[in-house]
Structures are given as C-alpha cells and as structure tokens.
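Enquirer: Here it is, the structure, as structure tokens.
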Amino acid sequence: MSKVLNKVLFLLICAIPTWSYANYTITPVKVHIKPGAMMSSLTVHNNNDSSRHFQIRVYKVDKHKATEEDSKDLVVSPSMFKADSKKAQIVRVAIKNPAEAFKHQHYVLSIKELPHGEVEANTVKIVTDFRVPVLIGDDVSSAEAKAEDTKKE
C-alpha cells in the first residue's frame, strides 16, 4: 500500500509546478475578419498572481504545403505587451492591404509568453506559446453553402 501512496504523491508533486504556469485565457480562440472588415480583436487575460510579458508574431499558413512563414500582411497592436496580474489586454489585428480583405486566407498568431524573473542555477523555466488561427474572408462553411445555393439556381 505504501508503494502506491508513494507513486501517487510523486505524481502530485510533479504536477503541482505545472498548475502554476500558463494560467491564461485567450478569447476568442479563432479570429475571423469578415469580408469588408479591416480588423478584429482578441483579449489575453492573465490569471496569474504576477505580471507576464508577451510577444505576438504573425505567420501565413499555406494549407497545401502545410507550412507557415512570417507575414507582414497583418498588423498586430500591441505586438509586445505586459499583462498585469488578474488583468486583460486587448490586442487588435488589422489587415495591412485593403485588397487582401476580400481574399480567403489563413494566418496564425503566435502569442508567446516571454521568460520572466531571475535565472536560477539548475532550473528550467517554462514559457508558453499560444497559436490562434486567423481567417480572412468568408468562412469556409458559408462559402461552400453559397456555392451550393448557386448550383441549385
């Protein structure tokens, strides 16, 4: 019985540090910039007991090649920010080129937590990288529905 208890205690001790990390909420989980709109927003909530710093990068997704590459098509503001304890930060995502607003395109926002605090010997700091999809143009399901309606007429 003590071996089982020791294993349970060991697992709990290993899990406790991970509970204190990455205590964030991002809403919405998918950003959709509809045709004709030039921007959208998302909110990063810091539920930690201390402030954290974040950096956001934009990647264009090529679904056919299954690749992502840095992109300057979207502007993110702020691209670096400090989220205070128990506070939220609104992040705006805007299309740089108005002609792109009507094209069906996919992007990903990489929201990275930056390392914080002092570096201690023989320790590992865990930081998180959230991936939020961004869709520009018609939603795929609504585009397919429109195509079906057109075929019926």
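Enquirer: Cα extents of region 19-75 along the three principal axes, largest first, in whole Å?
Expert: 40, 27, 17
Enquirer: Quick one: Karplus J couplings for region 26-31, per residue in order, coefficients 6.51, -1.76, 1.60, θ = phi - 60°, nearest Hz, x for Gly and Pro?
Expert: Taking θ as phi minus 60°, the curve returns 10, 9, x, 7, 9, 9 Hz for region 26-31.
Enquirer: Now, a different point. Could you work out the pair-distance distribution P(r) of region 73-114 from its alpha-carbon pairs, with 10 angstrom bin width and percents rounded to whole numbers?
Expert: Per 10 Å bin, starting at zero, the Cα-Cα P(r) for region 73-114 comes out as 23, 46, 24, 8 percent.
Enquirer: Points 7 angstrom from Cα along the Cβ direction at Thr25 and Val127: gap in nanometres?
Expert: Label at Thr25, label at Val127, 2.5 nm between them.
Enquirer: Remind me, relative contact order of region 68-119 in percent, using alpha carbon pairs under 8 angstrom and six or more residues apart? Present the calculation step by step, with values, prior to reporting the outcome.
Expert: Details: 23 pairs, mean separation 17.5, N = 52.
Once normalised by length, the contact order is 34 percent.
Enquirer: Spin-label point model (7 Å from Cα, Cβ direction): what's the Thr67 to Gln89 distance in nm?
Expert: Inter-label distance under the simple model: 3.1 nm.
Enquirer: Would you mind listing how long region 53-137 runs along its three principal axes, going by Cα atoms, in whole Å with the largest first?
Expert: 50, 30, 18
Enquirer: Right, another one. How far apart, in nm, are two points set 7 Å out from the Cα along the Cα-to-Cβ line at His116 and at Ala99?
Expert: 4.3
Enquirer: Got a sec to turn the phi values of region 70-82 into Karplus ³J(HN,Hα) couplings, 6.51 cos²θ - 1.76 cosθ + 1.60 with θ = phi - 60°, whole Hz, x for Gly and Pro?
Expert: Along region 70-82, the couplings run 3, 9, 10, 5, 10, 10, 10, 9, x, 8, 9, 7, 10 Hz.
FYI, it's all coordinate maths here, none of it is from the lab. Remember, it's a predicted structure, so these values are computed and weren't measured experimentally. Heads up, the Cβs are rebuilt from the backbone with ideal geometry, glycines too, and the neighbour counts pull from every protein chain shown.
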